[in-house]
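Structure, as structure tokens:
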Amino acid sequence: MLGQVHLRPFVAGVFLSQSLTLSNGKLAQLCRSLADDKKAEDIVVLDVHDLSSVTDYFVIATGTSEPHLRAIASNISDTLATDHGVRPAAVDGSPKAQWVVLDYFDVIVHVMRKETREKFDLEGLWSDAARVPAPRKRAPRKAKPTGDVVPPESHPASDAGGDAEDTTTA
């Protein structure tokens, strides 16, 4: 099952004939990133492909309230649909039930309240699964100087510290 998800993009609810390919691992990481964009807490990606015949990855995230659960799940499903032409095969649960499941076949996203997550302990149930590390966030790039900026070491300034070579004769 581990491999790639073949997706058919859609425009205004109509599927197009050409397909996109997104690896399952990249889809799981994208779901993690989209949950993080909405400030989901304790986001974990489990690689269960060796342990399950049903899916390859679980993405598990915590929301702090019903509106927060709704925002996280909506951001994932809406962004994947709009930007990547991917819709979940099924959506189960609800923010009111404190657990929303987005089923993308080989990637299943669980968005839960903290109490529900602790009660059902999916990480404990799948403790043999490898945890997929989050990609490292890149440091912001420094802006390049503009104009005729002269670096300090090459600036012709007087040397008051006496490091310059003495050319006077005594």
- [ ] Please specify each residue of region 102-112 satisfying the condition of being buried (at least 20 other Cβ atoms within 10 Å of the Cβ) and assigned to a strand (DSSP E or B).
- [x] Leu102, Val107, Ile108, Val109, His110, Val111, Met112
Open item on the list: So in region 89-101, with the set limited to residues that are in contact with a helix residue (DSSP H, G or I) (Cβ under 6 Å, 6 or more places away or on another chain) and over 9 Å from Glu66 (Cα atoms), which one is least open to solvent (accessible area, probe 1.4 Å)?
Closed with: Val100
- [ ] Could you name every one of the strands (runs of 3 or more DSSP E) located completely within region 19-82 that has at least 1 residues being hydrophobic (A, V, I, L, M, F, W, C), farther than 16 Å from Gly93 by Cβ and open to solvent by less than 20 Å² (accessible area, probe 1.4 Å)?
- [x] 41-47
- [ ] Among the residues of region 104-122, count how many are of a type in the set (D, E, K, R) and at pLDDT below 95.
- [x] 1
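The values are calculated or read from the model by the stated rules, or taken from the named source; none is laboratory data. Just so you know, these numbers come straight off a predicted model, no measurement behind them. Don't worry about glycine lacking a Cβ; one is built from the backbone with ideal geometry, like all the others, and counts go over all protein chains shown. Keep in mind that these areas ignore ligands, DNA and RNA; they rest on the heavy atoms of the full protein, side chains included. Shrake-Rupley method; radii C 1.70, N 1.55, O 1.52, S 1.80 Å.
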